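The values are calculated or read from the model by the stated rules, or taken from the named source; none is laboratory data. From a predicted model like this one, the values you see are computed outputs, not experimental measurements. All Cβ positions, glycine included, derive from the backbone under ideal geometry; neighbour counts span all protein chains shown. For accessibility, only protein heavy atoms count, side chains too; no ligands or nucleic acids. Shrake-Rupley method; radii C 1.70, N 1.55, O 1.52, S 1.80 Å.
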Amino acid sequence: MMKRLPWHIVLFLAPAVLIYSVFSALPLIDTLRLGFYTSNDAGQHSFVGLSNYLTILTDPAWSTSFWNAMANNFKFFLIHLLVQNPIGLILATFLSLKGLKFARQYRTFIFLPTLLSVVIIGFIWQLILSPLWGVSEGLMAKVGLEEYFSPWLGEEGSALITLALISVWQFVGIPMMLIYAALLAVPEDIIEAAYVEGASSWRIFWEIKLPLILPTLGLVTILTYVGNFNAFDLIYSVKGAIAGPNYSTDILGTLFYRTFFGYQSQIGSPTMGAAVATLMFLVILCGVGAYFYFVQRKLTRYEL
Amino acid sequence: MHTVLKARHLLLASLLAAGTASAGTVTIESWRVDDKTLWEEVLIPAFQKKNPGIQIKFSPTAPTEYDSSLTARLTGGTAGDLITCRPFDVSLNLFKKGHLEKLDGKAGMEHFPASAKVAWQTDDGKTAFCMPMASVIHGFFYNKKMFKELGIQVPKTQPEFYAAMEKIKAAGKTPIALGTADQWESNQTVFTNIGPNDWKGEEGRKALIAGKAKFTDPQFVAAWTQMSKWTPLMGKGASAQTYADSQNMFAMGKAGVYPAGSWDIGYFNKEGMDFGAFPPPVAKSGDQCYISDHTDIGMGVNPKAKNKAEAYKFLAWLGSQEFADLYTNKVTGFFSLSNHLISVQDPVAKQMLDWRKTCKSTIRLNAQILNRGEPAMENALWNVSSQVLNGKMTPKDAAAQIQAGFEKSRANAAK
């Protein structure tokens with residue numbers, strides 16, 4: 001007897017598959033295709049193979065800004081990795097401690113900025129750090145650190161770090177919540193057993209809790225990676241699309257925007273832009289692939 | 001089955017209804033979001049008084065999104081009938097792609113001098129595709145109260161200018177309200193504002209285009225050299241100061257001068273500021289002065305316009321005395337480009353317009369032809385000029401970097 005087609009499954013999947021294909025998969029495939037074309041004055045496309053990619057990667061007029069954006073993007077990601085995730089872990093660990101007063105309130109306050117629009121965050125921090133009207137200089141003066149104040153968002157050496165830290169401040173709530181949920185899932189009886197055996201809290205954290213939440217930490221890392229290499233909005237709202245000073249805050253997202261849409265007198269080129277977008281996609285794909293191959297496969301999952 | 005048919009009829013009916021509603025309504029695409037009320041309450045009613053029965057809709061898009069969304073709408077065939085044109089390459093590009101009609105010999109075009117039309121013509125000057133509407137003039141605004149208190153005369157020469165700035169600084173105030181966080185003003189209101197005095201306006205600009213001069217020549221380096229003297233005059237933390245910060249600073253009376261574009265007149269009037277204007281100081285007394293009198297806004301017709309006849313009627317009106325008068329006096333700081341005689345009412349706007357009588361006009365140095373290439377020279381100039389103002393780059397290096405980029409894009413174009 002022939003098995004009947006499970007219509008209900010098709011029916012339930014259809015909306016998601018349709019929306020995903022139309023708004024995500026097809027545009028992605030079309031972008032990959034567009035990267036192989038070039039357009040002339042009249043706007044007609046013609047096939048040029050890999051020449052757009054060759055230009056971006058080897059012509060100094062393009063490659064300098066591409067590699068600069070790539071390096072900045074890695075810095076941006078590293079700061080998130082080294083600052084955001086450890087802070088998220090520490091906060092989650094404290095929140096999961098038994099008997100911590102106001103734990104819920106802290107959780108809410110720390111998570112709150114993630115709900116705000118990036119444009120608002122950029123605007124607020126620009127005001128806070130402004131050398132003209134900002135409060136930061138005054139606050140630093142109160143503790144005698146006035147001489148260490150400088151216009152961080154305006155200096156080549158510090159602008160990118162400052163922006164990354166602003167982004168960390170905004171999004172630290174997400175790793176915190178994910179890790180917090182994982183910590184809550186650690187079975188009570190294992191920890192009690194360890195106490196009975198005489199293990200210190202410190203040892204319990206390192207040898208029991210941390211190994212159990214490692215898969216979550218891995219997930220947080222890869223989410224941060226994907227988010228950071230797609231980042232655009234904060235830099236655009238604070239520094240504009242030419243990401244000053246001297247392109248020191250230029251990341252792949254802003255480079256893509258300038259190339260695809262154009263900026264001021266720069267005339268946008270959809271085909272070059274598609275090539276940049278494809279490179280961004282490849283960077284993210286490689287990162288995620290490497291993560292799955294080297295990290296995710298080797299993570300030990302404990303049966304709880 | 002029946003319901004499907006019904007739905008189809010409904011859809012068809014609503015599409016038809018939408019069609020009839022828009023038939024006869026001329027839509028204007030523009031980036032001047034700020035002027036929407038003015039168009040709706042002053043300009044369009046004035047036109048309709050003369051041309052009853054023609055419906056006009058002013059439908060602006062935010063300036064930063066205008067170019068890309070307009071291109072998308074033109075390609076998709078949903079753009080409005082009249083297209084507000086940016087000067088030079090952005091519009092030239094639209095014309096080359098067949099998104100703008102030829103306007104040679106159309107009613108209204110005869111009222112504009114050749115110099116006004118340059119921004120919207122093909123490189124050979126044979127075909128025009130947008131009607132010139134308005135220009136903006138650059139110079140300096142100064143705080144009248146502060147100048148009076150400190151006994152400073154309005155500077156005419158560069159030595160007088162720097163002496164005045166030092167006096168303001170000595171009084172514990174910020175001499176120049178300017179920051180480099182947004183970068184664009186470093187080029188548009190500083191470099192191409194004060195520079196024409198050094199490179200002799202059109203003479204220097206045309207020499208660059210013709211390949212007879214280089215950015216590394218002394219007349220261009222001189223402009224950056226002046227800017228490098230501004231670093232200590234801009235106040236602390238200027239590298240993180242935005243355009244809005246500078247506006248506020250000047251409006252609050254905290255700074256002596258403000259390198260300005262005439263479009264800011266309206267803003268400072270609204271803030272109740274008591275200010276005057278002076279043109280960029282010349283090197284020494286008696287020198288010919290030059291001003292940046294930049295052709296900024298034009299208007300073109302969409303070849304796929306649904307109401308082409310009405311659109312051309314509106315365009316003819318844009319060339320009229322009435323429009324020139326309304327636009328110059330209501331949109332303070334934008335000056336009509338037509339030949340009509342107009343009496344300007346705003347005192348500062350009048351002051352700036354009067355500079356045309358004594359100083360020679362030029363447009364922004366890089367606006368025509370030079371901007372082509374990757375990355376566009378405009379963006380490169382934002383970058384180096386900001387760095388010079390921040391004291392992070394020498395004038396010579398700035399010139400060398402721009403010249404190198406220019407030679408490269410020229411070589412690419414020749415290929």
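Observations on the model:
- Solvent-accessible area, 1.4 Å probe, carbon plus sulfur percent, for the stretch B:303-390: 54 percent
- Long-range tail of P(r) for the stretch B:125-266 (Cα pairs > 23 Å, %): 41 percent
- D (Stokes-Einstein, µm²/s), Kirkwood Cα radius, the stretch A:157-304, 0.692 mPa s at 37 °C: 179 µm²/s
- Projecting the Cα positions of B:ALA324, B:ALA414, B:THR231 onto the charge dipole of chain B (unit charges on Cβ atoms of Lys, Arg, Asp and Glu, taken about the Cα centre) puts B:ALA414 furthest along the positive direction.
- For the protein assembly as shown, diffusion coefficient by Stokes-Einstein and Kirkwood Rh (Cα), 25 °C, 0.890 mPa s, µm²/s: 84 µm²/s
- Of the chymotrypsin sites (Phe, Trp or Tyr not before Pro) in the stretch A:249-300, those whose Cβ has at most 10 other Cβ within 10 Å and which sit in DSSP loop: none
- Once you divide the Cα radius of gyration of the stretch B:131-204 by 2.2 N^0.38 Å, the number left is 1.31.
- Karplus-derived HN-Hα couplings along the stretch B:394-403 (A = 6.51, B = -1.76, C = 1.60, θ = phi - 60°), whole Hz, x at Gly and Pro: 7, x, 5, 5, 4, 4, 5, 5, 5, 4
- Averaged over the residues of A:146-154, the number of partner chain Cβ atoms lying within 10 Å of the residue Cβ comes to 4.
- The three principal axes of the C-alpha atoms in the stretch A:102-160 carry coordinate ranges of 38, 27, 21 Å, sorted with the longest axis first.
- Per residue, the Cα convex hull of the stretch B:224-293 amounts to 120 Å³.
- A 1.4 Å probe over all protein chains sorts B:CYS85, A:CYS286 by accessible area into A:CYS286, B:CYS85, starting with the largest.
- Pairs of alpha carbons in the stretch B:81-149 separated by more than 13 Å make up 67% of all such pairs.
- Packing here is the average count of other Cβ atoms within 10 Å per residue, and on that basis the peptides B:384-390, B:358-364, highest first, run B:384-390, B:358-364.
- Scaled radius of gyration (Cα, divided by 2.2 N^0.38 Å) that the stretch B:269-415 gives: 1.38
- Convex hull volume of the C-alpha atoms in the stretch B:374-415, normalised per residue: 45 Å³.
- Backbone phi angles across the stretch B:100-116, fed through the Karplus curve with coefficients 6.51, -1.76 and 1.60 (θ = phi - 60°), yield HN-Hα couplings of 9, 7, 6, 10, 4, x, 6, 4, x, 5, 5, 8, 10, x, 4, 4, 6 Hz in residue order; Gly and Pro are listed as x.
- Equivalent ellipsoid semi-axes - Cα gyration tensor, the stretch B:263-332, angstrom: 36, 18, 11
- Working note: Karplus 6.51/-1.76/1.60 with θ = phi - 60° gives the stretch B:232-248 the couplings x, 9, 8, x, 6, x, 4, 5, 10, 8, 8, 4, 5, 4, 4, 4, 4 Hz, where Gly and Pro are set to x.
- Rounded Å value of the spacing that divides the Cα centres of the stretch A:1-72 and the stretch B:351-368: 47 Å
- Value of Rg to Rh for the stretch A:126-229, rounded to two decimals, is 1.19; Kirkwood radius and Rg both from alpha-carbon coordinates.
- Taking only alpha carbon atoms, chain A gives an Rg to Rh ratio of 1.05, where Rh is the Kirkwood radius.
- Solvent-free Debye scattering, log10 I(q)/I(0), computed from the Cα coordinates of chain B at q = 0.10, 0.12 Å⁻¹: -0.72, -1.00
- Calculated SAXS-style log₁₀ I(q)/I(0) at q = 0.27 Å⁻¹ - the stretch A:216-279, Debye, Cα scatterers: -1.11
- Percent of beta bridges antiparallel (DSSP, the protein assembly as shown, rounded to nearest 5): 65 percent
- Counting charges near B:VAL154 (Lys, Arg +1; Asp, Glu -1) among other residues having Cβ under 15 Å from its Cβ returns a value of +1.
- If you take the Cα centroid of the stretch B:265-283 and the Cα centroid of the stretch A:102-141, the two points sit 35 Å apart.
- Between B:ALA164, B:ALA72, B:ALA367, the Gaussian network model of chain B with springs among Cα atoms under 10 angstrom shows the greatest mean-square fluctuation at B:ALA72.
- Once exposed loop GluC sites (Glu not before Pro) are cut out (DSSP; at most 15 other Cβ, 10 Å), longest piece of chain A: A:1-196
- Computed [θ] at 222 nm, deg cm²/dmol, the protein assembly as shown (DSSP H ≥ 4; -39,500 (n - 2.57); rounded to nearest 500): -15500 deg cm²/dmol
- Percent of C-alpha pairs per 10 Å bin, the stretch A:14-164, short to long: 8, 18, 26, 25, 15, 7, 1
- Peptide B:371-381, shielding by other chains (average Cβ, 10 Å cutoff): 5
- Residues whose amide H lies under 5 Å from that of A:TYR37, counting only those 5 or more places away or on a different chain, are A:VAL48; hydrogens are built 1.01 Å from N in the peptide plane.
- Mean per-residue shielding of peptide A:60-67 is 2, counting Cβ atoms of other chains within 10 Å of each Cβ.
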